[in-house]
Structures are given as structure tokens and as C-alpha cells.
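The structure appears right after this line, and notes come after that.
The values are calculated or read from the model by the stated rules, or taken from the named source; none is laboratory data. Keep in mind that what you see is a predicted model, and the values were worked out from it rather than measured. Methodologically, a virtual Cβ is constructed for each residue, glycine included, from the backbone with ideal geometry; neighbour enumeration extends over all protein chains shown.
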Amino acid sequence: MSPPAVVEPPAPVYGRAAWPRDARIAPGRLDAVPDAGIAEIERFVAGGGSLLLAPEPGDAVAARLAGVTVAGALPEAEWVVTLGHVPAAARLDAEAAVVSPLRLMEPSADDAEVAATISVALRGHPALTVHTSGAGRVVASAIADLDRLVLDPVLGRLVARLLRTDLPAETREVGVGIVGYGPYGGMGYAHGLACAETDGLRLVAAADTVPERLAAAVLDFPQVRRYADVAGIAGDEDVELAVVATPPSSHAELALALLRAGRHVVLEKPMCLTVAEADHVMAEAERYGRAITVYQSRRWDRDFLALREAVASGAIGDVFAIETFVGGFAHPCRLWHSDEAISGGAVYDWGSHHVDWILRLYGGPPTRVTAVAHKRAWLDVTNADQVTVWMRWADGREATFRQSDLAAIRRPKFYVQGTRGTIEGHHRPLMTETIERGRGYVDHEAHHAEAPVALRLVRYDGPGRLVEMTVPPAPAPSGWPFHRSLADHLLLGEPLAVPPAESRGVVAVLEAATRSIAAGGLPVEVD
């Protein structure tokens, strides 16, 4: 039970589980709390609890608990907080901006550590301090608006870590092995680059059955050890985490082998091809105490981030219909992506991303799926030329995903309807034009228009009035967000960015769609 005058923090945007169980917030002045209440707060902290507060001028009780003095206050403004060189700042952005009133404070206790600073008139002041008291700790914030502080994706995580009494004092590196390194510039290279640029991860080994691809791995990362199969990765004692970057049909088998060898596992999307496989993999991960997650990289696409933020803000009311589309009119690739036996079919390729988007916007899987497929033009590959998946939730919400290689006119990438408005975003072809020596003019269009798109939002604003605005893509996330979260999970015990249950939900929809297609478009209940 919490002592009086303190409350549990609001749910941070990055996952409630990141907060220590015994962390509390003092939302107001403590000098107005009766002596008995203060004594209970002190016992709470001394016994291992953690307390976050923003001491106000004249509140001697809060200042004493935090080990700081408060010299004054400044009005609400935008303040830039610079994170200190402390273990709690590992893999977080170096700076974050927050709008709030400010308290000017200085440490008064010898053990009050400054964890972040803030500039006022070009002079540095403590923004966050940590004071140890018994088995617990008190974090003092110069940012007076504690709700904005703890909900900020950077500062909220920093504070949550500062409140932990079990945070490791030193960092280490997690050895990473890649199974299925792939061709030059492929997913093996992408994961290797992420390891090189993410503190706490280190690429140590790569496996591939094709010698030329192992040669590519050595060219990309000269220090990497090479193996001809998964057994080499499973047997390498320096590999703590294995990334499976092979085609989907092999994901479950390889994941099981690696989990049983004691390795944490990252699977490329989709997690696997059936719910039964997903459940088996998740059960083995739990049995062996290993992490399992899926690289749903497009959760961090800038246009999707903007869309999700707009939906979450309530800008278009309650969302009840979502449509997404990808494709064009072009010959599909002639590699494994177009082989139904290896890829699982067209719905498993782009559908792994788009269905994941839809489930994130709605908060979970649908109850029923209906799907149809066409095979009408591209007869040299086994994937369908076009697939349409219609999803329905128990409360009547719906969503549609369509992938097509027969769409000479592209549909909108996003079309989202709410009770107060609509958001749409159209594909933006990304063209590059250059003049090359010996060739002259050369142009190139990126496949499937990967450039982030601006969103058009139209909102009902009263009788006969619609207000239109443009929502630009969200700022680009710094670094490699998935891999940073992965390192945070393995090294600090923080939540995975992609919990396996969410990936299982995607597989459940894709499997139901495949069954519906086989049944001629009949509705199928989602497992």
C-alpha cells in the first residue's frame, strides 16, 4: 500500500511495466502533510521504495527528502534537458525538450547525484537528481509538470530507471549472431549495422548456406565469425542473441533449435506461418527462459508514427474503419518472396507489416477474417497477383488490407475513418535523378514508394464545417529503435518493443486469411 500524499505514476507511453513496482509520485507540497504521513513516506523510501517529486520553493520537507535546495521558480516554457553520463541514460537520446514551469534547485546532500541538466540563461542547472535514503531513493525534478515529465518517451524512461534500486551499475555487450546473412546489402547487413550503432550489442557471428553470402558478411564486418549452418551459431558461446533472417517457412524450426541452445531469438517478419507454430515457439521460449521477438521494423515508419499519434489524440474521434494498400502494376520479384511454399503466400509478405499496423491502431486482433485472392496475370510465380483481407472486430469495427501487382492506379496507402473525421495518405513515389559520367541522365524510382507520406486530415468542426489540415511525417527516430529496445530488454529488463503475443496476433490474422482464400472467401474465425 502506498503511503499518504503519494500516487502511482500515470502509464508512460513506452510501456507501464518499465516503472519499478515500488515507485510513487508526490504530486504536491509535502510541507502540508501531517508529521505521521511524512514518517510513513520516510519508512516507505528507507524500506526500498522510490519517490519522484518536484520540490517547490519553501517546501523544506520535500527539499530534505530529495537532498536539494530550491532557489526559485520560472514560468512555463520549453526547456531542453541534457542527459548526464549515468547508467540510466544508456541508449537514450542525449537531449529532450519539455514544456513546463521550472524549479531552480541545487544538491545539498553529498550523495545527491545530478542525472540530467538544464540550461537557464546559458548556465547549467540540475534537471534531475537522485538521493539515496536507506534501501530506497528519491528523484527530484526541476521540471514541475510531472505528468509531462513521465509521459515523455525519453525523460520518462530516464526517470523510471533512476527510480530503480536494481539498475546495473555497469553495462556489458550482448553477442549477436545472424542466421541467414543473405546477399550484399540485405537484412543481414542491416542487423549488423544496427549492432554496430547500438550500445550494448556486438555482432560476432554469421551463418549462411551460400559461401558467397558469408564472404559478403566478412566484407561488411571483417571481425565476424562464419558458419555454414545454424549449428555454428547455436554452439558459439559468444552468441547470446540470434537473429533469424531466413525465409518464413524456416522461422519456427530455427527458432526452436536456437531457444533450446539457450539463445535469445529475433525473427524476421512474419514470426512464422501458423498459430500452432507461434504457440510452440512462445512456449519453448518460456520454458528455457529466453526472449523471443519479431523485427516489425515498419512500426517506426514516420508516416505510421504520425498516423498513430493523430489517432491516439482523438483528432478524428473513435476510429471504426481502416484501409491500407500496397502495390502497383509490375511484375513481382522472381525470388523466394514470390514462392508461396517458402513465403507463405502474398498475404504474409507485406501483410505482416500492414496487419501489424492495423492491430496496433485497434489494440488487438479481430474476431473474423474474410479474404480473396486473384491469380490472373503473373503465371511464372506462385504467389497470388492480388489479395484482399477484410477484418471485423466484435464491436463492429472493420479494416481492409490489399496488396496488388495489378493496380495501375494506386489506392491510398492509408484511409482511416473516425466518428469526427478522416485521415488519408497517398503513396509518394521516390525518384532520384543524377547525371553520371559516360551515361548522362539516369533516374530511378524506389520500389513501392518507400518515402514517408504526409497525411491529409479532415475533421468535422460543427454544422456545415469541415476543417482540413496536413499532418507531416513524424520526426525520424534516432538510431535503431527496435535494437535499442532489444538491448534495453536484455541488459536492463525493460519491456520488448514487440512482445511475442502481438506477433502471434498478426500470424493468427494471416493464417485465417489463408484459410478463407482456400475456402473461396468464406469468413474464418481468428484463433
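Annotations
- Residue list for region 215-238, restricted to those being surrounded by 22 or more Cβ atoms within 10 Å (Cβ to Cβ) and either touching a Phe, Trp or Tyr at 6+ places or on another chain (Cβ under 8 Å) or more than 15 Å from Tyr181 (Cα to Cα) (or both): Ala217, Ile233
- Subset of region 363-374 that is surrounded by fewer than 20 Cβ atoms within 10 Å (Cβ to Cβ) and outside any loop (DSSP other than H, G, I, E, B) - its residue that is nearest to the chain's Cα centre (by Cα): Arg368
- Any hit, region 349-359, residues being surrounded by fewer than 19 Cβ atoms within 10 Å (Cβ to Cβ), under 18 Å from Glu511 (Cβ atoms) and outside the structural domain of Val275 (by TED's automatic domain parsing): no
- Strands (runs of 3 or more DSSP E) (entirely within region 38-124) containing at least 1 residues that are more than 30 Å from Ser485 (Cβ to Cβ) and β-branched (Val, Ile, Thr): 68-83, 113-120
- Residue that is surrounded by the most Cβ atoms within 10 Å (Cβ to Cβ), among those in region 375-423 that are among the acidic types (Asp, Glu) and within 29 Å of Ser313 (Cβ to Cβ): Glu398
- Within region 27-37, being part of a loop (DSSP other than H, G, I, E, B) and not β-branched (Val, Ile, Thr) holds for Pro27, Gly28, Arg29, Leu30, Asp31, Ala32, Pro34.
- Residue in region 331-343 that is of a type in the set (Val, Ile, Thr) and surrounded by fewer than 20 Cβ atoms within 10 Å (Cβ to Cβ) present: yes
- Members of region 394-413 found to be in contact with a strand residue (DSSP E or B) (Cβ under 8 Å, 6 or more places away or on another chain), more than 23 Å from Pro332 (Cβ to Cβ) and of a type in the set (A, V, I, L, M, F, W, C), listed by number: Ala399
- Hits in region 235-248 - residues which are under 19 Å from Leu486 (Cα atoms) and over 26 Å from the mean Cα position of the chain (by Cα): Asp238
- Members of region 287-297 that are farther than 16 Å from Ile178 by Cβ and in a helix (DSSP H, G or I): Arg287, Tyr288
- Yes/no for Asp395 being of a type in the set (Asp, Glu), in the same structural domain as Met469 (by TED's automatic domain parsing) and touching a residue at least 24 places away in the same chain (Cβ under 8 Å): no
- Verdict on Arg123 being surrounded by fewer than 18 Cβ atoms within 10 Å (Cβ to Cβ), more than 30 Å from Arg21 (Cα to Cα) and without any contact (Cβ under 8 Å) to a residue 12 or more places away in the chain: yes
- Scanning region 130-167 for residues that are among the charged types (D, E, K, R) and part of a helix (DSSP H, G or I) yields Asp147, Arg148, Arg157, Arg161.
- Which listed residue, of Ser108, Ser133, Ser141, is hydroxyl-bearing (Ser, Thr, Tyr) and either modelled with pLDDT of 95 or more or loosely packed, with under 15 Cβ neighbours inside 10 Å (or both): Ser141
- In region 336-348, the residues that are under 16 Å from Gly180 (Cβ atoms) and part of a helix (DSSP H, G or I): Trp336, His337, Ile342, Ser343
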